[in-house]
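Asker: Let me give you the structure first, and then I'll get to my questions.
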Amino acid sequence: MAGIKDVAAAAGVSVATVSRVLNAHPSVSAAARARVLAAVDELGYRPNAVARSLRTAQTRTLGLIISDVMNPYFTELARSVEEEARALGYSVIIGNADESPELQDDHVRTLLDRRIDGLLVSPTDGGSPQLLDAARSGTPTVFVDRWIPGVEVPVVRADGRDAVRDLVAHLNALGHRRLAIIAGPAATTTGSERVDAFRAALGAYGLDLPEAYVGQGDFQAESGRRVTEAFLALPEPPQVVFAADNLMALGALDAIRARGLRVPDEMALAAFDDIPWFVHTDPPITAIAQPTRELGRAAVRALTAVIEGRRARSVTLPARLVVRRSCGAQDAAAAPPNRAGSPTGPTSPPPSRPRPRSNP
């Protein structure tokens, strides 16, 4: 394998000149720079990234800590982050926090030990000590999807409030009045925000959200199954279950089917965070889609701006409702309802719907 001395000999310059060219030093003449770069190409020379980082104090490496690698939303986000980082000349090391603050802190320590240039994090729970210390001590940091209130770093996220209002308007138009939600952890910003948005949207239609219709999940499928089983055991079960993430929606679907109930005839289902295979379930699941790829790209651009000493602003992108048949709509391509002039109460009496059957 060619070394820096081989490049210097081929270009007819000193090793120091080769080093200056590789580190973009302005003191090298255009002719010498051209000879060095031609020799680099001809010999296939690849500088040692670790050695270069010791000279430049940069590794051109970003750390990405996601909340759950098994969640298709975060898998797509990670892919988008990696693609954008590579386009900008950075590599990415990914850590899976698995919704654990302790594991999140382990990843933060490991990434800092590897001298990454900056951190992209979707914080689990309300944050964790090592993450908070890193963000507050000046480590270039950007929060993506979730954030930690009071920590002054750029945040790249989707705003789902309009999409939740569209969902409730859609459900109201279909005659649904008893709507329940499987919430994510209250300590996460997305967990609390989605419940608040759902409650506010129901209020615009004169609908209540009883405590019995708010189930506490943890963004995992098993919690969606458990909460839905509790809903089905109520004296008056809800007509609709809205899961605040895709994995909990899949758990809810399992619970509904385990009771032998039909979606949407006996219970309707909707989800926050669309995933590709929702179109392949029977029936296809109505969902709120986040602009995941755009979020990943924007997060990388924000973080590299911080690393390079440029101003980085927070970015908020809109989510959107994707109507399918799991709530009763016959036209899967139906457009979201117009929020203008939304009624303050039910527009029509609820239809007669079958009650969920009890287990024998």
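The values are calculated or read from the model by the stated rules, or taken from the named source; none is laboratory data. As the structure is a computational prediction, the values presented were derived from the model and not from experiment. Note that each Cβ is placed from the backbone with ideal geometry, even for glycine, and that neighbours are counted across all protein chains shown. Heavy atoms of the whole protein, side chains included, go into the accessibility calculation; ligands, DNA and RNA do not. Shrake-Rupley method; radii C 1.70, N 1.55, O 1.52, S 1.80 Å.
Asker: Which condition does Glu83 not pass, out of (1) within 20 Å of Gln290 (Cβ to Cβ); (2) crowded, with 16+ Cβ neighbours inside 10 Å; (3) in contact (Cβ under 8 Å) with a residue 40 or more places away in the chain; (4) not aliphatic (A, V, I, L, M), if it passes all the others?
Answerer: For Glu83, the exception is condition (2).
Asker: Being touching a helix residue (DSSP H, G or I) at 6+ places or on another chain (Cβ under 7 Å), surrounded by fewer than 21 Cβ atoms within 10 Å (Cβ to Cβ) and part of a helix (DSSP H, G or I) is the filter here; which residues of the stretch 141-176 pass it?
Answerer: Arg161
Asker: List every residue pair whose Cβ atoms sit under 7 Å apart, with the two residues 6 or more apart in sequence or on different chains, where the first one lies in the stretch 269-294 and is more than 25 Å from Glu84 (Cα to Cα) and the second, anywhere, is in a loop (DSSP other than H, G, I, E, B) and open to solvent by 70 Å² or more (accessible area, probe 1.4 Å).
Answerer: Pro283/Arg325; Pro284/Arg325
Asker: Answer yes or no: is there a residue in the stretch 319-329 that is open to solvent by 50 Å² or more (accessible area, probe 1.4 Å), more than 23 Å from Arg262 (Cβ to Cβ) and modelled with pLDDT of 90 or more.
Answerer: yes
Asker: Within the group Asp105, Asp98, Asp113, Asp125, which residue is more than 20 Å from the chain's Cα centre (by Cα) and charged (D, E, K, R)?
Answerer: On the way: Asp105 fails: more than 20 Å from the chain's Cα centre (by Cα); Asp98 fails: more than 20 Å from the chain's Cα centre (by Cα); Asp125 fails: more than 20 Å from the chain's Cα centre (by Cα).
After ruling out the rest, the residue left standing is Asp113.
Asker: A follow-up question, please. Of the conditions (1) assigned to a strand (DSSP E or B); (2) closer than 15 Å to Cys327 by Cβ, Ala201 satisfies every one except a single condition; which number is it?
Answerer: (1)
Asker: Which fully enclosed helices (runs of 4 or more DSSP H) of the stretch 4-117 have 1 or more residues being basic (Lys, Arg) and at pLDDT 90 or above?
Answerer: Those helices (runs of 4 or more DSSP H) span 30-43, 72-87, 101-113.
Asker: Considering only residues that are of a type in the set (A, V, I, L, M), within 28 Å of Asp68 (Cα to Cα) and buried (at least 18 other Cβ atoms within 10 Å of the Cβ), which ones fall in the stretch 177-203? Lay out the reasoning, then the answer.
Answerer: Filtering the stretch 177-203 for residues of a type in the set (A, V, I, L, M) gives 179-183, 186-187, 195, 197, 200-202.
Next cut, within 28 Å of Asp68 (Cα to Cα) only: 179-183, 186-187, 195, 197.
If the condition is that a residue be of a type in the set (A, V, I, L, M), within 28 Å of Asp68 (Cα to Cα) and buried (at least 18 other Cβ atoms within 10 Å of the Cβ), then Leu179, Ala180, Ile181, Ile182, Ala183, Val195, Ala197 are the ones that fit.
Asker: Would you please name the residue that is most open to solvent (accessible area, probe 1.4 Å), looking only at residues in the stretch 204-223 that are out of contact with any Gly (no Cβ under 8 Å at 6 or more places or on another chain) and outside any loop (DSSP other than H, G, I, E, B)?
Answerer: Ranking the candidates gives Glu211 first.
Asker: Then there is this: I'm trying to understand the selection: among the residues of the stretch 118-140, which are modelled with pLDDT of 90 or more and open to solvent by 10 Å² or more (accessible area, probe 1.4 Å)?
Answerer: Within the stretch 118-140, Thr139, Pro140 meet the criteria.
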